Amino acid sequence: MLRIAQALDTQLREAMQRAFPDVDALLDPQLAPASKPEFGDFQANGALPLAKPFKQAPRHIAGAIVEALQADPAFAALCLEPQIAGPGFINLTIRPERLAAEVSARLGDPRLGVPEVQSDAAVVVDFSSPNIAKEMHVGHLRSTIIGDSLARVLEFRGHRVLRLNHVGDWGTQFGMLITHLKQVAPETLKTADAVDLGDLVAFYREAKKRFDEDEVFQATSREEVVKLQGGDPVSLKAWGLLCDQSRREFQKIYDRLDIRLSERGESFYNPFLASVLIGLKEAGLLVTDDGAECVFLEGVNGKDGKPLPVIVRKSDGGFNYATTDLAAIRYRFALAPEGDGARRVIYVTDAGQANHFAGVFQVAKRAKWIPEHGRLEHVPFGLVQGEDGKKLKTRSGDTVRLRDLLDEAVERAEADLRRRLEEEGRSEDDQFIEHVAGTVGLAAVKYADLSQNRITNYQFSFDRMLALQGNTAPYLLYAVVRIAGIARKGGDLEAEAGMLQFSEPQEWSLVRELLKFDAVIAEVEEELLPNRLCSYLFELSQVFNRFYDQVPVLKAEGQSLRSRLALCRLTADTLKAGLGLLGIATLERM
């Protein structure tokens with residue numbers, strides 16, 4: 001109802017100006033969705049804050065606004081007679097024929113009424129960000145699927161989205177890894193396609209153990225860092241082999257989760273680090289403190305009461321994460337060909353990095369590297385916990401590998417499906433079972449995460465996320481399957497709707513729920529909270545199920561049949577589109 005709300009807001013503003021022509025200030029109707037269905041569709045609360053400056057009762061002010069509204073033919077064509085309630089609220093109900101026309105307009109519309117933005121500027125979404133030679137674990141799950149969902153919503157709105165994977169592919173740990181590679185598998189540096197590091201995690205652990213215990217190895221590793229940073233060809237080849245091997249492992253996970261990403265690791269920004277220092281110096285922000293070059297933050301003090309620093313070059317001359325992140329911000333906002341030309345940059349990382357990004361963002365703003373109207377946003381998320389409320393780990397205390405978690409979700413989904421088929425006396429082939437179990441298992445993992453407010457920790461439970469009841473992926477997928485069943489039973493969901501007519505309360509409830517989709521998408525685009533979309537889809541599924549259980553569809557006739565089939569079709573299209581924006585595939589049968 002975004003388009004209707006915008007038209008109504010304009011009409012209310014014009015009515016308020018007509019009612020109070022002597023007021024110079026722009027008057028705000030404070031239009032919002034009605035708090036309860038019995039109050040109509042919208043509620044204008046703008047009369048209440050005017051009571052004091054106008055020295056009038058708010059109900060009197062509301063009456064003047066309503067009188068001006070009713071003189072507007074466009075308003076009369078949009079709404080039924082407005083009602084003044086309580087101390088001065090104006091309740092507004094959209095005309096049934098306008099609601100039916102909105103439903104008809106969305107049938108067959110691939111955008112489902114969601115307006116497309118007109119902007120050439122890029123939006124950067126920085127997400128996932130695993131580290132080379134380390135396996136993706138459950139901690140990467142949230143960044144990966146939250147970032148992907150936000151990117152999908154922004155793309156659907158029409159933005160040019162750069163999905164960037166800021167991989168940890170540079171830094172001191174590579175001296176250790178390259179030295180280990182040279183010593184245990186030197187043939188990989190001389191023979192094409194000879195690299196086979198096996199379990200990269202085990203390789204990393206071996207190198208780390210040697211680094212911690214062997215002083216000679218430690219010294220050689222530090223020398224290797226200098227060689228790498230200096231562009232030594234052998235060191236660069238070893239580095240490239242490690243990166244390629246890791247990249248292949250990451251891609252298996254991304255393919256499985258249907259995640260699209262463009263890799264741009266920390267190494268990409270290495271040539272720009274020196275210019276970060278120059279830029280900060282020119283801005284008068286750089287201070288040398290105890291041998292390190294840093295920027296002291298404004299309004300952020302340590303325990304000693306002194307401003308905290310963001311160190312951009314360490315006392316040994318080395319750069320750090322803050323330097324790389326500042327170089328990335330500068331590049332992303334810079335216009336092409338010097339940069340990405342973004343006007344909105346979004347970082348999806350765990351909440352533990354909030355202070356780091358707050359400091360880096362402040363430095364970038366003070367250096368004036370963020371253009372006018374540019375937006376720099378951190379999207380933090382909490383921990384994935386076990387059902388005991390503690391950080392999710394294996395029985396041995398290790399971090400849960402992401403591929404193991406996904407495997408278990410699919411295995412459990414298959415066991416549930418086979419049990420249900422047996423109970424229902426149904427027989428399906430292995431291909432069907434494999435496809436449904438894979439779809440449901442991965443959907444359950446994604447939805448369980450995305451349906452939570454990302455800012456909080458959440459407890460991971462296979463039993464809860466795979467349940468067919470409640471706010472779960474299987475419940476939503478089953479609603480889509482239920483509508484597909486209507487088509488199989490003879491309902492022509494593709495028929496042209498024409499003029500729709502609704503008479504039952506359950507029909508109107510479903511109509512109103514369907515028409516909220518555009519406003520929900522706009523809300524997620526602005527607030528970057530995928531759980532708002534999940535809540536909407538769950539509510540839509542519940543409203544549809546009540547409609548389907550209480551109102552005959554296939555047994556209806558004439559215009560009623562056509563109108564109810566149109567509601568089924570639009571519900572299916574909306575659920576599929578919404579789940580697609582969460583990165584979740586749907587099914588025709590389960």
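The values are calculated or read from the model by the stated rules, or taken from the named source; none is laboratory data. Bear in mind the structure is a predicted one, so any value in this text is a computation, not a measurement. Reconstructed Cβ throughout: ideal geometry from the backbone, glycine too, with neighbour counts over all protein chains shown. Heavy atoms of the whole protein, side chains included, go into the accessibility calculation; ligands, DNA and RNA do not. Shrake-Rupley method; radii C 1.70, N 1.55, O 1.52, S 1.80 Å.
Take segment 50-66 and flag every residue that is assigned to a helix (DSSP H, G or I) and either modelled with pLDDT under 90 or in contact with a helix residue (DSSP H, G or I) (Cβ under 7 Å, 6 or more places away or on another chain) (or both).
Selection gives 50, 51, 52, 53, 54, 58, 61, 64, 65.
When the residues of segment 554-571 are narrowed to those that are open to solvent by less than 10 Å² (accessible area, probe 1.4 Å) and within 28 Å of residue 428 (Cα to Cα), which ends up nearest to the chain's Cα centre (by Cα)?
571
Would you tally the residues in segment 417-438 being open to solvent by 20 Å² or more (accessible area, probe 1.4 Å) and within 11 Å of residue 474 (Cα to Cα)?
0
Going by the structure shown, is residue 100 more than 30 Å from residue 172 (Cα to Cα) and within 32 Å of the chain's Cα centre (by Cα)? Don't jump to the end; show me each part of the working.
Details: more than 30 Å from residue 172 (Cα to Cα): yes; within 32 Å of the chain's Cα centre (by Cα): yes.
In short, yes.
Which one of these does residue 429 not meet: (1) modelled with pLDDT under 95; (2) under 27 Å from residue 379 (Cβ atoms)?
Here residue 429 clears every test but (2).
I'd like to verify a number: residues in segment 326-355 that are farther than 14 Å from residue 279 by Cβ and either polar (S, T, N, Q) or under 24 Å from the mean Cα position of the chain (by Cα) (or both), how many?
Of the residues in that region, 17 qualify.
Pick from segment 251-309 the residues that are over 35 Å from the mean Cα position of the chain (by Cα) and of a type in the set (Gly, Ala, Ser): which of them is surrounded by the fewest Cβ atoms within 10 Å (Cβ to Cβ)?
Among those residues, the one meeting the criterion is 305.
Does residue 443 satisfy the criteria of being in contact (Cβ under 8 Å) with a residue 40 or more places away in the chain, in a helix (DSSP H, G or I) and either among the hydrophobic types (A, V, I, L, M, F, W, C) or over 30 Å from residue 567 (Cβ atoms) (or both)?
Yes, satisfied.
May I ask you to verify whether residue 296 is in contact (Cβ under 8 Å) with a residue 60 or more places away in the chain and not polar (S, T, N, Q)?
On the way: in contact (Cβ under 8 Å) with a residue 60 or more places away in the chain: no; not polar (S, T, N, Q): yes.
Taking the combined requirement at face value, the residue does not satisfy it.
Which of the numbered conditions does residue 388 fail, given that it passes all the others? Conditions: (1) closer than 30 Å to residue 202 by Cα; (2) open to solvent by less than 30 Å² (accessible area, probe 1.4 Å).
(2)
Going through segment 118-129 one residue at a time, which ones are assigned to a loop (DSSP other than H, G, I, E, B) and under 18 Å from the mean Cα position of the chain (by Cα)? Working first, answer last.
The initial filter retains those residues of segment 118-129 that are assigned to a loop (DSSP other than H, G, I, E, B), namely 118-121, 127-129.
Matches in segment 118-129: 127, 128, 129.
Yes or no: residue 579 in a helix (DSSP H, G or I), crowded, with 22+ Cβ neighbours inside 10 Å and over 22 Å from the mean Cα position of the chain (by Cα)? Lay out the reasoning, then the answer.
Values: in a helix (DSSP H, G or I): yes; crowded, with 22+ Cβ neighbours inside 10 Å: yes; over 22 Å from the mean Cα position of the chain (by Cα): no.
So residue 579 fails the test.
If I filter segment 489-504 for residues that are in a helix (DSSP H, G or I) and open to solvent by 10 Å² or more (accessible area, probe 1.4 Å), do I get at least one hit?
no
When you scan segment 140-158, do you find a residue that is over 14 Å from the mean Cα position of the chain (by Cα) and more than 27 Å from residue 403 (Cα to Cα), even just one?
Yes - at least one qualifying residue is present in segment 140-158.
Taking into account only those residues within segment 519-528 that are open to solvent by 20 Å² or more (accessible area, probe 1.4 Å) and under 11 Å from the mean Cα position of the chain (by Cα), which is nearest to residue 158 (Cα to Cα)?
This residue is 525.
Kindly indicate whether residue 82 is open to solvent by 20 Å² or more (accessible area, probe 1.4 Å) and over 19 Å from the mean Cα position of the chain (by Cα).
Details: open to solvent by 20 Å² or more (accessible area, probe 1.4 Å): no; over 19 Å from the mean Cα position of the chain (by Cα): yes.
In short, no.
Which of the residues that make up segment 440-469 are β-branched (Val, Ile, Thr) and either more than 21 Å from the chain's Cα centre (by Cα) or open to solvent by 20 Å² or more (accessible area, probe 1.4 Å) (or both)?
Going through segment 440-469, the residues β-branched (Val, Ile, Thr) turn out to be 440, 445, 455-456.
Within segment 440-469, 455, 456 qualify.
Can you go through 43, 6, 17 and tell me which one is part of a helix (DSSP H, G or I), out of contact with any helix residue (DSSP H, G or I) (no Cβ under 6 Å at 6 or more places or on another chain), within 27 Å of residue 543 (Cα to Cα) and open to solvent by 20 Å² or more (accessible area, probe 1.4 Å)?
6
Give the residues of segment 547-560 that are of a type in the set (A, V, I, L, M, F, W, C) and either without any contact (Cβ under 8 Å) to a residue 12 or more places away in the chain or not in a helix (DSSP H, G or I) (or both), sorted by residue number.
Scanning segment 547-560 gives 551, 553, 554, 556.
May I ask you to list the residues in segment 319-351 that are within 18 Å of residue 170 (Cα to Cα), open to solvent by 20 Å² or more (accessible area, probe 1.4 Å) and either part of a loop (DSSP other than H, G, I, E, B) or of a type in the set (Val, Ile, Thr) (or both)?
Scanning segment 319-351 gives 319, 320.
Hey, any hits in segment 82-93 for a residue that's of a type in the set (A, V, I, L, M), free of Cβ contacts under 8 Å to residues at least 40 places away in the same chain and within 24 Å of residue 20 (Cβ to Cβ)? First the steps, then the outcome.
Applying the first criterion (of a type in the set (A, V, I, L, M)) to segment 82-93 yields 84-85, 90, 92.
Then keep just the ones that are free of Cβ contacts under 8 Å to residues at least 40 places away in the same chain; that gives 84.
If we keep only those that are within 24 Å of residue 20 (Cβ to Cβ) too, we end up with 84.
Taking every residue of segment 82-93 in turn, at least one turns out to be of a type in the set (A, V, I, L, M), free of Cβ contacts under 8 Å to residues at least 40 places away in the same chain and within 24 Å of residue 20 (Cβ to Cβ).
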